[in-house]
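Contents: one structure, followed by commentary.
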Amino acid sequence: MMLRGIYAVVVLDMKRFWLDRARLIAGLAQPLLYLFVLGAGIGSSMGGSMGGGSYKPFIFPGVLGLSQLFTATFAAITIVFDRQIGFFKAVLVSPVPRPAIALGKIAAGALQAYLQGLVVLPFAWLAGVPLGLGPTLALLGAMALASVTFSAMGVAVAARFTSTTVFPIVSNAVLLPMFFLSGALYPLMTAPRWMQLAAHLDPVAYAVDLMRGALLGRFFFNPWLSLGALTAIIALLTWLAVRIFNRGEDDSSLGATNFNWRR
Amino acid sequence: MPAAAPTSDLANVADAATTPSAVEVRGLVKRYGEVEALRGIDLTVNTGERFALLGPNGAGKTTLFSILATLRTPTAGSARVLGRDVVTERDAVRRELGIVFQEPAIEQRLSGRDNLLLMGLLYGLPTAAARRRADEILTQLGLAESAGRPAKNLSGGQRRKLELARALVTDPKILFLDEATLGLDVDARRGFWSHVRGLAATGRTVFFTTHYMEEAEVADRIALIDAGRIVALDTPRALKARLGGGVIRLKTDDDAQARTWLTGRGFATDADAAELMLVHADPAAVLPELLRHLPVKVLRAEVHEPSLDDVFLKLTGRGFGSEHASAPPGGGRGGPNGRGRP
C-alpha cells in the first residue's frame with residue numbers, strides 16, 4: 001500500500017501540475033532575469049576576475065538551482081491548500097498510510113522542480129556554456145539530487161504551516177538567504193571566511209556546487225562531500241516530514257478549516 | 001448478504017454471534033480540551049440497515065461521524081465498523097468505507113473521470129482496473145457524458161453525484177453520508193437519494209446524517225442526538241408514536257394566557273415559547289372544542305401528524321434549527337429559540 005499510495009499522490013499532484021503547465025514558462029522569468037540582466041551587468045563590470053571563465057556560464061548552474069528551489073517550494077506549499085479543502089480529505093480516509101503522503105509529496109515536488117530545470121537548461125547555450133555529453137549527463141544527475149533536496153526541504157517546512165500567508169516571509173527570510181549564501185552568484189573560493197563557513201551549512205550551496213562542478217569542472221566542495229551532504233539532508237528532512245505527517249492522525253476536522261497535521 | 005431491513009425493536013439486540021454489526025459504538029466519549037462533544041454514545045447499526053443520525057448543529061453528529069470515519073480518535077470508549085476497531089484496525093476500516101463528506105472532496109479542476117481514477121489508485125487498484133471501475137461507476141450514476149469536464153463546471157447536483165461516485169469506486173460495504181445533500185434543490189436531492197436507495201437495496205449499509213426530515217424518514221432507524229448523547233433510537237414510526245396521536249399548533253393573541261388555560265384543563269403543552277404546541281390522541285376531534293372555549297383570540301390553528309422534529313422538540317425541549325424542509329409553513333419555531341441554549 002505504501003508504494004501504491006506514493007504513486008497515487010504523485011499522479012494527483014502531477015495531474016494538477018499539468019493543468020498549470022504554463023507555469024513552466026512563467027517560471028523562466030526569474031532565472032533568465034538573473035542570468036541575462038544581473039549576469040550581463042555584473043559580468044561586464046568584473047571583467048576577467050572570475051578566474052578565467054566569464055560570469056554568465058559561472059552563474060548558470062546557480063540560476064538553474066534557483067529555479068528548482070522556487071518550483072519545489074511552490075509545490076510544497078500546495079500542502080497547505082490541500083489541508084484546507086478538496087480531494088485531500090478523500091486521501092486522508094483512504095488506506096494510504098500518512099508517510100506515503102509525505103513521500104509522494106516530496107517525489108511530486110522533486111519531479112516538478114526537475115521539469116522546471118529541464119526547461120531552463122537549453123538557455124545554457126545562450127549563456128555561453130558548452131554542453132558536452134559527459135558534463136550534461138553529470139549535470140542531469142546533479143539536478144535530480146538538487147530537486148529532491150529542495151523538495152524535501154519544502155515539504156518538511158510546509159507541513160508545519162496551516163496558512164499560506166507565511167509563504168512570502170519564508171521565501172524572503174529563508175529561501176533568498178540560502179540562495180545568496182550558496183555561492184550561486186559568486187565564487188565561494190574568494191568569499192569572506194564567514195560566508196564560506198555559512199555555505200557549509202547551506203544545502204543549496206552543496207547542490208549548486210555539485211551542478212557547477214558537473215558542468216564546468218570547478219568545485220568548491222569535494223564532490224563526494226556534496227553527495228554525502230545532500231544524501232544526508234534528504235534522509236533527515238524526509239524522516240522529519242514523515243514524522244510530521246504521521247502525527248496528523250487525530251486531526252483532520254471534517255470542518256476542514258481547522259485542519260492541522262500536527263494537532 | 002442483503003439482510004432484511006429490520007423494523008422492530010428487536011433490531012436493537014445485536015446478533016453479534018452470527019454477523020458483526022455494521023457499526024458498533026460503546027461508551028464513546030470525545031473531549032476537545034474542556035469541551036465534551038460526545039458524552040457516552042452507545043449504538044448499533046445492523047448490516048444492510050439505513051441508519052440516520054439526527055440532531056441540531058453542535059450536537060456531536062460530526063464528531064461521531066469523524067470518529068467512525070477514522071479521522072479522529074475517541075477519548076474513551078470504542079467504535080467498531082464491520083467488526084473492526086476504528087483505532088487499532090484503522091487501515092482495515094478505511095478500506096471498507098465509502099464516505100461522502102458535507103464539503104466537496106473532489107479536485108474541482110480535474111475531470112470527474114480523473115477524480116475517480118485517482119480514487120481507485122488510492123485504494124490500491126492498478127491503473128487499468130481503476131480506469132475501468134471509474135467508467136463503470138460513471139455510467140451507473142448517469143455521469144458518463146460529463147465525466148470529461150472539470151468537476152467545477154458541473155451542476156451542483158452532478159457534483160454531489162460525483163461525490164457519491166467517488167465514495168463508490170471501492171465498492172464499499174458501508175456508505176457514510178454526512179449531510180450529503182446539503183444545499184441541493186429538491187429535485188437534485190431526490191435524484192441523489194434514489195441512487196442511495198438503490199445501493200441500500202443491494203445490501204449495503206447506509207449510515208447518514210441529515211438536516212432534511214423527509215430524508216430521515218427513509219431510514220430504517222433513527223438516532224436522535226443532542227448535546228453529545230443519544231436521546232432516542234428507534235424506527236421513524238415508533239419515534240413518532242411516542243408522541244401518541246397528533247399535534248395541534250396554535251397561534252393566539254395571548255399565548256401565555258392560553259397556555260395557562262390549557263394547562264389548567266389538563267392539556268400537555270410544550271415549553272417552546274414561539275407558539276403553542278400540544279399533543280393529543282385525537283387532535284382533530286378536540287380542536288373545535290378548544291377554539292370554542294379558549295379565552296383568547298386564536299390567530300391560526302393547525303393539526304398535523306407528528307413529525308420527527310416534533311419528537312425532537314418533545315424530547316429535548318428545543319427544535320432543530322432553521323434548516324429543515326418539512327417545517328410547517330409559517331411555523332416560526334426553530335428560530336432564535338431553536339438553538340443556542342447551553
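Go through the residues of segment A:168-180 one by one and say whether even a single one is touching a residue at least 12 places away in the same chain (Cβ under 8 Å), under 27 Å from A:MET14 (Cβ atoms) and not hydrophobic (A, V, I, L, M, F, W, C). Lay out the reasoning, then the answer.
If we filter segment A:168-180 for residues that are touching a residue at least 12 places away in the same chain (Cβ under 8 Å), which is where we start, we get A:170-171, A:174-175, A:178-179.
Adding the requirement that they be under 27 Å from A:MET14 (Cβ atoms) leaves A:170-171, A:174-175, A:178-179.
Now narrow it down to the ones that are not hydrophobic (A, V, I, L, M, F, W, C): A:171.
Yes, the conditions are met somewhere in segment A:168-180.
For segment B:155-167, state whether one or more residues are open to solvent by less than 40 Å² (accessible area, probe 1.4 Å), in a loop (DSSP other than H, G, I, E, B) and not hydrophobic (A, V, I, L, M, F, W, C).
Within segment B:155-167, the first condition is being open to solvent by less than 40 Å² (accessible area, probe 1.4 Å), and the residues that meet it are B:156-157, B:160, B:162-167.
With the extra rule that they be in a loop (DSSP other than H, G, I, E, B), the set shrinks to none.
No: segment B:155-167 contains no residue that is open to solvent by less than 40 Å² (accessible area, probe 1.4 Å), in a loop (DSSP other than H, G, I, E, B) and not hydrophobic (A, V, I, L, M, F, W, C).
Exactly one of (1) within 17 Å of A:GLN116 (Cβ to Cβ); (2) touching a Pro at 6+ places or on another chain (Cβ under 8 Å); (3) not polar (S, T, N, Q) is unmet by A:PHE58. Its number?
(1)
Would you tally the residues in segment B:256-270 being farther than 15 Å from B:LEU243 by Cβ and open to solvent by 20 Å² or more (accessible area, probe 1.4 Å)? Break it down into steps so the answer makes sense when it comes.
Step one: filter segment B:256-270 for residues farther than 15 Å from B:LEU243 by Cβ, giving B:256-266.
Cutting the leftovers down to open to solvent by 20 Å² or more (accessible area, probe 1.4 Å) gives us B:256-257, B:259-261, B:263-266.
Within segment B:256-270, residues that are farther than 15 Å from B:LEU243 by Cβ and open to solvent by 20 Å² or more (accessible area, probe 1.4 Å) number 9.
If I ask for residues that are facing chain A (nearest Cβ under 7 Å) and in contact (Cβ under 8 Å) with a residue 24 or more places away in the chain, which ones from segment B:93-107 would you list?
B:ARG94, B:ARG95, B:LEU97, B:ILE99, B:PHE101, B:GLN102, B:PRO104, B:ALA105, B:ILE106, B:GLU107
Are any of the residues in segment B:176-186 open to solvent by 40 Å² or more (accessible area, probe 1.4 Å) and without any contact (Cβ under 8 Å) to a residue 60 or more places away in the chain? Don't jump to the end; show me each part of the working.
Initially, segment B:176-186 is screened for residues open to solvent by 40 Å² or more (accessible area, probe 1.4 Å), giving B:182-183, B:185-186.
Then keep just the ones that are without any contact (Cβ under 8 Å) to a residue 60 or more places away in the chain; that gives B:183, B:185.
Yes - at least one qualifying residue is present in segment B:176-186.
Would you confirm whether or not segment B:117-134 contains a residue that is crowded, with 20+ Cβ neighbours inside 10 Å and either touching a residue at least 60 places away in the same chain (Cβ under 8 Å) or more than 12 Å from chain A (Cβ to nearest Cβ) (or both)?
Looking through segment B:117-134, at least one residue is crowded, with 20+ Cβ neighbours inside 10 Å and either touching a residue at least 60 places away in the same chain (Cβ under 8 Å) or more than 12 Å from chain A (Cβ to nearest Cβ) (or both).
Name the residues in segment B:61-92 that are away from every other protein chain (no Cβ under 11 Å), open to solvent by 10 Å² or more (accessible area, probe 1.4 Å) and not charged (D, E, K, R), would you?
Answer for segment B:61-92, where residues must be away from every other protein chain (no Cβ under 11 Å), open to solvent by 10 Å² or more (accessible area, probe 1.4 Å) and not charged (D, E, K, R): B:ALA76, B:GLY77, B:SER78, B:LEU82, B:GLY83, B:THR88.
Just one of B:LEU43, B:LEU54 is away from chain A (no Cβ under 11 Å), at pLDDT below 90 and on the phi < 0 side of the Ramachandran plot; which is it?
Result of the check over B:LEU43, B:LEU54: B:LEU54.
Mind listing whichever residues of segment B:285-313 are assigned to a loop (DSSP other than H, G, I, E, B) and out of contact with any helix residue (DSSP H, G or I) (no Cβ under 8 Å at 6 or more places or on another chain)?
Going through segment B:285-313, the residues assigned to a loop (DSSP other than H, G, I, E, B) turn out to be B:294-297, B:305-307.
Selection gives B:LYS297 alone.
Select the helices (runs of 4 or more DSSP H) contained entirely in segment A:1-117, then report the ones holding at least 2 residues which are open to solvent by 40 Å² or more (accessible area, probe 1.4 Å), farther than 19 Å from A:ARG160 by Cα and within 14 Å of chain B (Cβ to nearest Cβ). Steps first, please.
Values: elements: A:2-19, A:22-26, A:29-32, A:39-46, A:55-84, A:88-92.
Counting at least 2 such residues, we get A:2-19, A:22-26.
Looking at segment A:172-230, which of its residues are among the hydrophobic types (A, V, I, L, M, F, W, C) and not in a helix (DSSP H, G or I)?
Here is the first cut: in segment A:172-230, the residues among the hydrophobic types (A, V, I, L, M, F, W, C) are A:173-176, A:178-181, A:184-185, A:188-189, A:191, A:194-195, A:197-199, A:201, A:204-205, A:207-208, A:210-211, A:214-216, A:219-221, A:224-225, A:227, A:229-230.
Matches in segment A:172-230: A:ALA184, A:LEU185, A:ALA191, A:LEU201, A:PHE219, A:PHE220, A:PHE221.
Which residue out of A:PHE180, A:PHE219, A:PHE150 is open to solvent by less than 60 Å² (accessible area, probe 1.4 Å) and of a type in the set (Phe, Trp, Tyr)? Write out each step before concluding.
On the way: A:PHE180 fails: open to solvent by less than 60 Å² (accessible area, probe 1.4 Å); A:PHE219 fails: open to solvent by less than 60 Å² (accessible area, probe 1.4 Å).
Answer to the selection: A:PHE150.
Got a sec? Which of B:GLU136, B:GLU179, B:GLU163 is farther than 18 Å from B:PHE101 by Cα and not small (Gly, Ala, Ser)? Outline the logic, then answer.
Working: B:GLU179 fails: farther than 18 Å from B:PHE101 by Cα; B:GLU163 fails: farther than 18 Å from B:PHE101 by Cα.
Exactly one residue qualifies, and that residue is B:GLU136.
Among B:THR209, B:THR202, which is among the hydroxyl-bearing types (Ser, Thr, Tyr) and more than 14 Å from chain A (Cβ to nearest Cβ)? Please lay out each step first, then the result.
Details: B:THR209 fails: more than 14 Å from chain A (Cβ to nearest Cβ).
Exactly one of B:THR209, B:THR202 is among the hydroxyl-bearing types (Ser, Thr, Tyr) and more than 14 Å from chain A (Cβ to nearest Cβ), namely B:THR202.
With the checklist (1) farther than 21 Å from B:HIS211 by Cβ; (2) at pLDDT below 85 in hand, flag the one item B:LYS314 doesn't pass.
Condition (1) is where B:LYS314 drops out.
Here are some conditions: (1) touching a strand residue (DSSP E or B) at 6+ places or on another chain (Cβ under 9 Å); (2) outside any helix (DSSP H, G or I). B:GLY124 meets all but one. Which one does it not meet?
That leaves (1) as the condition not met.
Show me the strands (runs of 3 or more DSSP E) found entirely inside segment B:180-280 where at least 3 residues are assigned by TED's automatic domain parsing to the domain that holds B:ALA105. Break it down stepwise before answering.
Values: elements: B:205-209, B:221-226, B:229-234, B:246-252, B:276-280.
The strands (runs of 3 or more DSSP E) meeting that bar are B:205-209, B:221-226, B:229-234.
What is the number of the single condition among (1) more than 9 Å from chain A (Cβ to nearest Cβ); (2) crowded, with 19+ Cβ neighbours inside 10 Å that B:GLY148 does not meet?
Just one mismatch for B:GLY148, condition (2).
Condition first: aliphatic (A, V, I, L, M), modelled with pLDDT under 80 and closer than 30 Å to B:VAL196 by Cα. Can you find one or more residues in segment B:272-293 that meet it?
No: zero hits.
Mind checking which residues of segment B:58-92 are in a strand (DSSP E or B), in contact (Cβ under 8 Å) with a residue 40 or more places away in the chain and within 15 Å of B:PRO20 (Cβ to Cβ)? If you could, list the steps in order and put the result at the bottom.
Just the residues of segment B:58-92 that are in a strand (DSSP E or B), to begin with: B:76-81, B:84-85.
Now restrict to residues that are in contact (Cβ under 8 Å) with a residue 40 or more places away in the chain: B:76-81.
Of everything in segment B:58-92, those that are in a strand (DSSP E or B), in contact (Cβ under 8 Å) with a residue 40 or more places away in the chain and within 15 Å of B:PRO20 (Cβ to Cβ) turn out to be B:SER78, B:ALA79, B:ARG80, B:VAL81.
The values are calculated or read from the model by the stated rules, or taken from the named source; none is laboratory data. None of the values given here were measured: they were computed from a predicted structure. With ideal geometry, Cβ positions are generated from the backbone for all residues, glycine too; neighbour counts draw on all protein chains shown. Heavy atoms of the whole protein, side chains included, go into the accessibility calculation; ligands, DNA and RNA do not. Shrake-Rupley method; radii C 1.70, N 1.55, O 1.52, S 1.80 Å.
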